[in-house]
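Take a look at the structure below.
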Amino acid sequence: MINFDALLTFIKAHERLNPWAESLEQNIARGLDPQRFGDLPGWLHTLAQLPTIKPEQVVLDESVSVSGKAGEQTLAEARAGLRALIPWRKGPYSIHGIEIDTEWRSDWKWQRIRDKIAPLKHRLVLDVGCGNGYHGWRMLGDGANRVIGIDPSPRFVVQFQAIKHFLGKHYPIDVLPLGIEHLPAELGAFDTTFSMGVFYHRRSPMDHLRELRATLRPGGQLVLETLVIEGNEGEVLVPEGRYAMMRNVWFLPSVPTMLSWMRKCGLRNPRVVDACTTSLEEQRSTDWMHFHSLDKFLDPDNPALTVEGHPAPLRAVFLAEAP
């Protein structure tokens, strides 16, 4: 089983995080319960069999990469283990010369926003819906004191642990098999909270904004990325069926609407700092993610539309501060 002792010790000793400690161990155990996730025992076996390669150089500021000396057999075992955890969606990673070409060029997104957010140096950071933790590593590379990622998918938790295994286990970063609903109400602990690619999957956008605000200490910063539409204040797309072949897409607001919602939920100085249409170069199928990707989600005759006839994915990043 994955060891979270260092994180639990940190949380119990932290004045603001301490209320989380009471329920955290039980929720982690439930989130990694093999009875609930039939593939989990196989993923955990893969994790346990990964070879050890001493890291000689680790880079987190401009990429997530590690290099060290290893023989061909060891590298073959490492590659086989990492490939057993396919599909890899967020990245890319470079692990001892093994290039994990993920579905998303998450490094491009990070490059677009890293100089627009409040500096992360010495900050306690929460990453909601973090996937396999790629952005969390970049947050550490930009000086964060500690990063806690949460994502209910156990596959992503195991993928993160595989990367952590190769980079070295002493880094102050964890990915927990939880959703934001597993955090105590009004926790008020984090200096920065990220929610990237989560908002449009939530049935109640106002509730999600309030949940995010409640994670922040007074003056802490929210970084929120979501799908939006072109339009004026009050305009929202509510897809009746699928959106870009995704079932669980609920609300795509216009930028002015999103800013209004953020103000209504008590966030200060909401503003948009980046907006761009997702390109076929930024999200695509690869040898490490074999399933359909953006090119299959768009109308083949008009890439400005999804296959359902909705506007093609436009993503915006919003910042705001907790009161």
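The local environment of residue 301, defined by Cβ-Cβ distances under 15 Å, has a net charge of -2 under the rule Lys, Arg +1 and Asp, Glu -1. Residues whose amide H lies under 5 Å from that of residue 130, counting only those 5 or more places away or on a different chain, are 150, 151; hydrogens are built 1.01 Å from N in the peptide plane. Calculated FRET efficiency, residue 201 and residue 302, Cβ-Cβ r, R0 25 Å, to nearest 0.05? The pair residue 201/residue 302 has a calculated efficiency of 0.45.
Residue by residue, the stretch 100-117 carries 3J(HN,Hα) couplings of 8, 8, 7, 4, 9, 7, 5, 5, 5, 4, 4, 4, 6, 10, 4, 8, 9, 8 Hz when phi is fed to the Karplus relation 6.51 cos²θ - 1.76 cosθ + 1.60 (θ = phi - 60°); x denotes Gly or Pro. Among the protein heavy atoms of the stretch 1-84, carbon and sulfur supply 46% of the accessible surface, probe 1.4 Å, non-protein parts ignored.
With a 1.4 Å probe and all protein chains left in place, how much accessible area per residue does the stretch 245-323 have, in Å²? Mind showing how you got there, number by number?
Values: 3760 Å² over 79 residues.
Accessible area per residue: 48 Å².
With each label modelled as a point 7 angstrom along the Cα→C-beta vector, the residue 75-residue 59 pair spans 1.7 nm. Overall, the chain carries a charge dipole of about 600 debye about its Cα centre when +1 sits on the Cβ of Lys and Arg and -1 on the Cβ of Asp and Glu, all other atoms neutral. Going 7 Å from the Cα of residue 1 in the Cα-to-Cβ direction, what parts of the stretch 142-184 have a backbone nitrogen less than 11 Å from that spot? Under 11 Å, as judged by backbone N against the label point of residue 1, lies no residue of the stretch 142-184.
Projecting the Cα positions of 219, 208, 168 onto the charge dipole of the stretch 149-226 (unit charges on Cβ atoms of Lys, Arg, Asp and Glu, taken about the Cα centre) puts 168 furthest along the positive direction. When the solvent-accessible area of the stretch 220-323 is split by element, carbon and sulfur atoms take up 52 percent of it, the probe being 1.4 Å. Solvent-accessible area of the stretch 102-194 (1.4 angstrom probe, protein heavy atoms only): carbon and sulfur portion equals 49 percent.
Starting at 0 and stepping by 10 Å, how many percent of the alpha carbon pairs of the stretch 141-261 end up in each bin? Calculated over all Cα pairs of the stretch 141-261, the distribution is 12, 36, 33, 17, 2 percent. Computed extension length for residue 84-residue 240: 52.6 nm, one decimal, from 0.36 nm per residue of separation with the Cα-Cα distance subtracted. Per residue, the solvent-accessible area of the stretch 75-219 (1.4 Å probe, heavy atoms of protein chains only, all protein chains present) comes to 32 Å².
Cross-link partners for residue 69 among the aspartates and glutamates, with Cα-Cα distance under 13 Å and sequence neighbours closer than 8 places in the same chain left out: 56.
Given R0 = 35 Å, the distance between the Cβ atoms of residue 122 and residue 36 translates into a calculated FRET efficiency of 0.40. Exceedance of the 30 Å cut-off in Cα-Cα distance is limited, within the set 109/264; 121/164; 121/169; 121/296; 12/116, to 121/296; 12/116. Bridging of residue 54 to aspartates and glutamates at a Cα separation below 17 Å is possible for 72, 77, once same-chain residues fewer than 8 apart are set aside.
A Förster distance of 25 Å, applied to the separation of the beta-carbon atoms of residue 274 and residue 185, puts the FRET efficiency at 0.25. When percent of Cα pairs over 29 Å apart is computed from the coordinates, the matching label among (1) 43; (2) 38; (3) 50 is (2).
Counting only other residues whose beta carbon sits under 12 Å from that of residue 274, what net charge do I get with K and R as +1, D and E as -1? Don't skip to the end; give the middle numbers.
Numbers: positive: 109, 112, 114, 116, 271, 315; negative: 115, 225.
Net charge in that neighbourhood comes out at +4.
Label-to-label distance for residue 13 and residue 111 is 3.8 nm, based on points extended 7 Å past Cα in the beta-carbon direction. In sequence order, the stretch 66-79 has phi-based couplings of 9, 9, x, 8, 7, x, 4, 5, 5, 5, 5, 5, 5, 4 Hz under the Karplus curve 6.51 cos²θ - 1.76 cosθ + 1.60, θ = phi - 60°, and Gly or Pro positions carry x.
The values are calculated or read from the model by the stated rules, or taken from the named source; none is laboratory data. Every value quoted in this text rests on a predicted model; they were computed, and no experiment measured them. Note: ideal-geometry Cβ built from the backbone for every residue, glycine included; neighbour counts use all protein chains shown. Calculation scope for accessible area: heavy atoms of the full protein, side chains included, ligands and nucleic acids excluded. Shrake-Rupley method; radii C 1.70, N 1.55, O 1.52, S 1.80 Å.
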